[in-house]
Amino acid sequence: MERRVAEGLRSALAPLGLEAHAFKVGWYNAVLQPAFHLPYPDDTLAFVVLSTPSMFDKALKPFVNKERLKIIRDPVDQCVSHHLSRVKEKFPDQRVDVMFDYEMLPSRKPKFLAQTAAHVAGAAYYYQRKDVKLDPWGKKKIFGVCIHPKYGGWFAIRGLLLFPDIQVPFLEQPAPVDCVSTEEKRIELLEQFNFHWQDGRYRDIIEVKERYSEEQKTYFATPPAERFRLLGLSQEAQRITFH
């Protein structure tokens, strides 16, 4: 069953520049405080969904061209939401719960911790302060960051698909690829991500197979309210959005 669902997801998402990686809810809950647990049994099948560099051309631009007058919030969020809702239709006999990376609980906590989900699913390695033996940062707060073995930091975690009626007790957990394996590189990665993230150098900490196009870099570097203009959205769409 898991294989059939995984294949269905891949065939639906790959043409959009999206990846889906399977995991069991129990793997995720096992590494987090109870306050962050997903409220499902441990053997519940879930997938973390990532966007790769090609998503911009394969999914976002066509979506904007087609839906331009209906875009009333962040175009990327709305594009991903649209496509994941359509994916649900591929499984009419299954309950599918979707969580998005931007959704918050009433407590203002995120609905799920995206980087933890990517790590436990084997999709990307979540490098954290604890992965550095000789920590040079003293009392500074240091945030962790996921690195994808193929795209480095040129990707994003967009959401979760959960299948509450599918239990997968025998699913084997894949280890994420530890592609930043030296102490020096890990320190460099966390330094760049925490103190120089705007220049994006952390994204190229490893040799990458593909990165964002110049157009895509400009888009994500632009304040959200001005991104509509870059995508050629009309003033009308902007007025609807920010009214």
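The values are calculated or read from the model by the stated rules, or taken from the named source; none is laboratory data. This structure is a prediction, so every number in the text was calculated from the model and none was measured. Neighbour counts are summed over all protein chains in view; Cβ atoms, including those assigned to glycine, are modelled from backbone coordinates with ideal geometry. Ligands, DNA and RNA are stripped out before the accessible areas are found, and what is left, the full protein with its side chains, is counted by its heavy atoms. Shrake-Rupley method; radii C 1.70, N 1.55, O 1.52, S 1.80 Å.
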Note to self: Out of everything in the range 155-173 that is surrounded by fewer than 21 Cβ atoms within 10 Å (Cβ to Cβ) and touching a Pro at 6+ places or on another chain (Cβ under 9 Å), what residue ends up being nearest to TYR102 (Cα to Cα)?
What the structure shows: PRO164
Checklist line | Considering residues of the range 203-227 that are among the basic types (Lys, Arg) and either in contact with a helix residue (DSSP H, G or I) (Cβ under 9 Å, 6 or more places away or on another chain) or open to solvent by less than 60 Å² (accessible area, probe 1.4 Å) (or both) only, the residue farthest from THR182 (Cα to Cα) | finding: ARG227
Next item on the list: Give the residue that is farthest from VAL168 (Cα to Cα), with candidates limited to residues of the range 38-49 that are surrounded by fewer than 15 Cβ atoms within 10 Å (Cβ to Cβ) and not charged (D, E, K, R).
Entry: PRO39
Check: Is it the case that some residue within the range 105-115 is out of contact with any Phe, Trp or Tyr (no Cβ under 7 Å at 6 or more places or on another chain) and closer than 24 Å to GLY8 by Cα?
Finding: yes
Check: Which condition does PRO176 not pass, out of (1) loosely packed, with under 15 Cβ neighbours inside 10 Å; (2) of a type outside the set (D, E, K, R); (3) touching a His at 6+ places or on another chain (Cβ under 7 Å), if it passes all the others?
Finding: (1)
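Hey, among LEU171, LEU134, which residue is modelled with pLDDT under 95, in a loop (DSSP other than H, G, I, E, B), farther than 14 Å from VAL48 by Cα and aliphatic (A, V, I, L, M)? Quick ask: steps written out before the conclusion?
Working: LEU171 fails: modelled with pLDDT under 95.
Just one listed residue meets the conditions, LEU134.
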Notebook entry, point to check: Taking the range 194-232 only, how many residues are of a type in the set (A, V, I, L, M, F, W, C), part of a loop (DSSP other than H, G, I, E, B) and under 18 Å from MET55 (Cβ atoms)?
Noted result: 2
Checklist line | Odd one out for ASP42 among (1) within 18 Å of the chain's Cα centre (by Cα); (2) of a type outside the set (Ser, Thr, Tyr); (3) assigned to a loop (DSSP other than H, G, I, E, B) | finding: (1)
Check: Is it the case that the range 68-77 has a residue that's at negative phi, under 14 Å from the mean Cα position of the chain (by Cα) and open to solvent by less than 80 Å² (accessible area, probe 1.4 Å)?
Finding: yes
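Can we say ARG227 is farther than 27 Å from ALA123 by Cβ, at pLDDT below 95 and either out of contact with any Asp or Glu (no Cβ under 8 Å at 6 or more places or on another chain) or not small (Gly, Ala, Ser) (or both)?
Values: farther than 27 Å from ALA123 by Cβ: no; at pLDDT below 95: yes; either out of contact with any Asp or Glu (no Cβ under 8 Å at 6 or more places or on another chain) or not small (Gly, Ala, Ser) (or both): yes.
When the stated conditions are applied, ARG227 does not pass them.
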Notebook entry, point to check: Can you name the residue in the range 82-96 that is touching a residue at least 40 places away in the same chain (Cβ under 8 Å) and under 16 Å from the mean Cα position of the chain (by Cα) and is also nearest to LEU162 (Cα to Cα) among such residues?
Noted result: LEU84
Note to self: Name the residue that is farthest from ASP101 (Cα to Cα), counting only residues in the range 44-87 that are of a type in the set (D, E, K, R) and in contact with a Leu (Cβ under 8 Å, 6 or more places away or on another chain).
What the structure shows: ARG68
